[in-house]
1. Could you check how many residues of region 78-128 are acidic (Asp, Glu) and under 17 Å from the mean Cα position of the chain (by Cα)?
2. Identify, from the list Gly145, Gly134, Gly86, the residue that is at pLDDT below 95, over 16 Å from Leu244 (Cβ atoms) and of a type in the set (Gly, Ala, Ser).
3. Quick one: how many residues across region 176-189 are touching a residue at least 24 places away in the same chain (Cβ under 8 Å), not charged (D, E, K, R) and not in a strand (DSSP E or B)?
4. Please go through region 149-165 and give me each residue that is surrounded by 24 or more Cβ atoms within 10 Å (Cβ to Cβ) and in contact with a Ser or Thr (Cβ under 8 Å, 6 or more places away or on another chain), ordered by number.
5. As an exercise: evaluate Phe253 against (1) free of Cβ contacts under 8 Å to residues at least 24 places away in the same chain; (2) at positive phi and give the number of the one condition it does not meet.
Amino acid sequence: MNFTAIAIVASRSQEARKAETRLKALYNHTPPEEADVVVALGGDGFMLRTLHQFMDVPVPIYGMNRGSVGFLMNAYSEENLVERLGRAEAVVLHPLRMIATDMDGVEHQALAINEISLLRQTRLAAKLAITVDGVPRMEEVICDGVLVSTPAGSTAYNLSVQGPIIPIGAGVLALTPISGFRPRQWRGALISHKAIVTIRVQEPEERSVSAVADYTEVRDVVSVEICEDRTLTPTLLFDPEHNLEERILKEQFQP
């Protein structure tokens, strides 16, 4: 890959802003709207925001870690940036689209790179019914919530609630309960990335539930439809020695 117009953007952290200043002094840079590659400086949260910002723009994102975990980022270095960009390998992601209907009948849409989660809003557990491709699969799940995760997001919230890690390109999504109470033995499911998942809230007036797509929240939902949107292709760039597929594979062998 040969990138000639490089945009450099940074999170609000002091460390990221200092890195932005140094890199802009070392390399020619251009406004993001004119760039053919965006270099994002920050952590995973900033990378998610950057991916959302450029969701409709066919420009790849190359992240360098100036945050904490940095799972979606490359190692930070001020040397050989142009050469690193030229060697980088592309990973095309497909976000999840959420269509959430609230108690007033208003429909809300949002996109998620990592996951879409439904979460109880009160002290009462949520009661949810789950349908996949029009077939009822769980008539009633009593839980704190449930989430649908992409492979890229499977090592995030999904993993913290004991969901499976999914290799990039596996063609599946994770459907994972959050603090499931009943049925006690249900630990979730792997479903086709082409599936349409519909989750309906039982007793929504008393057991209110919110729906969250990455960082977009809709309160007091009664139903949520989730599917992969393959018309959108946000693209991440990784150094060959630290590609995303290898990182996800390594996570499965962590003690």
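1. Initially, region 78-128 is screened for residues acidic (Asp, Glu), giving 78-79, 83, 89, 102, 104, 107, 115.
Among the residues that remain, those that are also under 17 Å from the mean Cα position of the chain (by Cα) are: 115.
Total meeting the criteria: 1.
2. Values: Gly145 fails: at pLDDT below 95; Gly134 fails: at pLDDT below 95.
Checking each option against the conditions leaves just Gly86.
3. Qualifying residue count, region 176-189: 6.
4. Result: Ser149, Asn158, Gly163.
5. In the conditions (1) free of Cβ contacts under 8 Å to residues at least 24 places away in the same chain; (2) at positive phi, Phe253 misses (2) alone.
The values are calculated or read from the model by the stated rules, or taken from the named source; none is laboratory data. A quick note: this is a predicted structure, and the numbers were derived from the prediction, not measured. All Cβ positions, even for glycine, are placed from backbone atoms using ideal geometry, and neighbour counts span all protein chains on display.
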